[in-house]
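Participant: Let me begin by handing over the structure; questions about it come next.
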Amino acid sequence: MRRGLMRWDADELPEGALMERIARLQAAMQGDNLDGFVFYTNLVQPSAVTYLTGFTPYWSDGLLLVPKSGSPVFATALSKRVANWISSTNPVSEIVNTPKPGAAVGRRLAADGCRRVGVLELDRLPGGLYDEIVGAAPGIALIDGSGRFALLRRRIDSVERHLIERADALAVAALSEVDAESAADAGALAGLVEKRARLQGAEEAYIAVAGDLDSDRRMIRVSGPLPLAERFALRASVAYKGSWVRRTRTFARNAAGRQIVNRADDWFRTLASSIEPGKPIAAQISAHMSGLPGAVLRGFMAECSVGSYPLEVIASSRGSDTDPVADESFLVLTIELALEGVAWLGAAPVFTCRVG
């Protein structure tokens with residue numbers, strides 16, 4: 001179950017911004033000759049529905065139907081006891097409480113005479129809900145619309161940018177609690193960082209640690225005592241009003257190590273602020289490597305929200321990267337380096353849009 005407080009704030013997420021996102025989707029649906037679009041949401045797949053409605057589930061699951069015109073319908077098996085809370089965090093949808101959300105959506109599709117309906121991540125739609133939809137709407141064609149939605153989703157608006165920046169500020173402040181010289185236990189340090197993020201308003205805060213960068217650079221969730229070595233890294237994945245960021249920082253206990261870390265930090269800040277749309281990200285990283293003498297790039301990863309999961313990999317050093325960075329977009333860039341033989345990890349948000 002989620003632990004952070006989630007409520008709709010009209011000042012931070014205006015209803016008009018949600019309606020504009022829905023209108024953009026409906027315009028795309030008309031271009032693809034779709035009569036509706038269905039989104040599944042649950043605890044770990046909340047992002048698409050949150051983006052369109054402001055609602056993020058604490059538990060259970062649900063289906064959002066966006067018709068080709070008019071207001072969305074959100075169907076959930078949650079009881080009417082929580083209907084008021086759902087309505088308070090989802091100001092743009094009709095709320096339907098029913099033991100069979102798929103059947104409710106199917107009946108609405110049938111009543112509206114729908115024939116072609118897009119589904120986000122059709123292969124991930126639970127089989128029971130799929131059966132309910134097609135059982136209530138015989139002859140309907142469910143079509144995977146993930147590609148279309150991803151193109152739509154890559155463009156962020158000023159409202160989303162401000163929420164992302166707020167989440168990032170929480171992550172930065174939480175990681176600033178780390179005192180590398182005095183820290184001894186990874187578990188206690190992770191708890192301190194999470195506490196700071198949540199007390200400042202984060203809905204979610206997942207902290208991972210690489211306790212000894214010289215022997216193991218993997219980031220793990222720490223559940224017990226774990227000693228910290230001379231060089232270690234922490235990653236904070238933080239959500240605020242459904243908007244997620246990651247920040248990763250490398251720490252060193254001695255002066256020589258801190259000098260190397262500071263050089264890599266400065267280079268990374270320059271890189272993150274200079275990513276341009278229209279060019280593959282791998283080429284842009286490669287072009288900046290000359291600005292950090294003595295460094296070897298070990299890997300990179302770019303993530304953003306393009307579907308139901310909060311952050312998904314869209315490019316990495318493990319696969320081909322020929323797609324250009326999208327304009328007016330946001331991504332999290334993670335870099336792994338060896339600088340003068342010393343391991344360094346970093347992650348930060350990148351914006352390719354200009355918001356006044």
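The values are calculated or read from the model by the stated rules, or taken from the named source; none is laboratory data. Everything quoted here is computed from the prediction, not taken from an experiment. All Cβ positions, glycine included, derive from the backbone under ideal geometry; neighbour counts span all protein chains shown. All accessible areas refer to the heavy atoms of the entire protein, side chains included, with ligands and DNA or RNA removed. Shrake-Rupley method; radii C 1.70, N 1.55, O 1.52, S 1.80 Å.
Participant: Can you tell me how much longer the chain between Glu94 and Ala338 gets when fully stretched, taken as 0.36 nm per residue apart minus their C-alpha distance, in nm with one decimal?
Facilitator: Between Glu94 and Ala338, full extension yields 82.5 nm more.
Participant: For region 1-140, what class follows from the C-alpha gyration tensor (a ≥ b ≥ c being the square roots of its eigenvalues): rounded when a/c is under 1.5, otherwise prolate if a/b is larger than b/c, else oblate?
Facilitator: Oblate.
Participant: Roughly what angle does helix 186-199 make with the longest principal axis of the chain, taking Cα atoms, 0 to 90 degrees, to the nearest 10?
Facilitator: 50 degrees
Participant: Round to a whole number: what % of the accessible area of region 238-356 belongs to carbon and sulfur, probe 1.4 Å?
Facilitator: C and S fraction of accessible area: 51 percent.
Participant: Still on this model: Sort 149-159, 96-106 by packing, meaning the average of other beta carbons within 10 Å per residue, with the highest value first.
Facilitator: Ranked by mean Cβ neighbours within 10 Å, highest first: 96-106, 149-159.
Participant: So what J values fall out for region 165-179 if you push phi through Karplus, 6.51 cos²θ - 1.76 cosθ + 1.60 with θ = phi - 60°, rounded to Hz, Gly and Pro as x?
Facilitator: Going residue by residue, I get 5, 5, 4, 5, 4, 5, 5, 4, 5, 5, 5, 5, 6, 6, 10 Hz, with x marking Gly and Pro.
Participant: Another question, if that's okay. Given the protein chains as shown and a 1.4 Å probe, how many square angstrom of Arg249 are accessible, to the nearest 10?
Facilitator: We get 100 Å² for Arg249.
Participant: With N residues in region 10-83, what two-decimal value do you get for its Cα radius of gyration over 2.2 N^0.38 Å?
Facilitator: Here the Cα radius of gyration is 1.13 times the empirical estimate.
Participant: In addition: With unit charges on the beta carbons (Lys and Arg positive, Asp and Glu negative) and the dipole taken about the Cα centre of region 98-248, which residue among Ala233, Leu170, Ala190 sits farthest to the positive side?
Facilitator: Leu170
Participant: Given the Cα-Cα distance of Asp123 and Arg221 and 0.36 nm per residue of separation, how much length would full extension add, in nm?
Facilitator: Stretched fully, the Asp123-Arg221 segment lengthens by 32.4 nm.
Participant: Could the peptides 14-26, 199-211 be put in order, highest first, of the mean number of other beta-carbon atoms found within 10 Å of their residues?
Facilitator: Per-residue mean Cβ counts within 10 Å order the peptides as 199-211, 14-26.
Participant: Sort 57-63, 329-335 by packing, meaning the average of other beta carbons within 10 Å per residue, with the highest value first.
Facilitator: Per-residue mean Cβ counts within 10 Å order the peptides as 329-335, 57-63.
Participant: Per DSSP H run of at least 4 residues, take -39500 (n - 2.57); add these up for the chain, divide by its residues and hand me the 222 nm value, nearest 500 deg cm²/dmol.
Facilitator: -10500 deg cm²/dmol
Participant: Describe numerically, in nm with one decimal, the distance between label points set 7 Å from Cα along Cα→Cβ at Met289 and at Ala184.
Facilitator: Placing both labels 7 Å beyond Cα along the Cβ direction yields 4.1 nm.
Participant: Using the Karplus curve 6.51 cos²θ - 1.76 cosθ + 1.60 with θ = phi - 60°, work out ³J(HN,Hα) for each residue of region 210-226 in order, rounded to whole Hz, and write x for Gly and Pro.
Facilitator: 10, x, 9, 5, 6, 10, 7, 8, 6, 8, 10, 7, 8, 10, x, x, 8
Participant: Something else: Can you give the FRET efficiency for Gln200 and Ala10, using 1/(1 + (r/R0)^6), R0 = 25 Å, r = Cβ-Cβ distance, to the nearest 0.05?
Facilitator: Computed FRET efficiency for Gln200 and Ala10 comes out at 0.70.
Participant: In whole percent, how big is the carbon plus sulfur part of the accessible area of region 2-70, probe 1.4 Å, protein atoms only?
Facilitator: Accessible surface attributable to carbon and sulfur in region 2-70 totals 51 percent.
Participant: Continuing with the same structure: Cut-off 10 angstrom, C-alpha nodes, Gaussian network model of the chain. Which of Ile133, Ile285, Ile220 fluctuates the most?
Facilitator: Ile220
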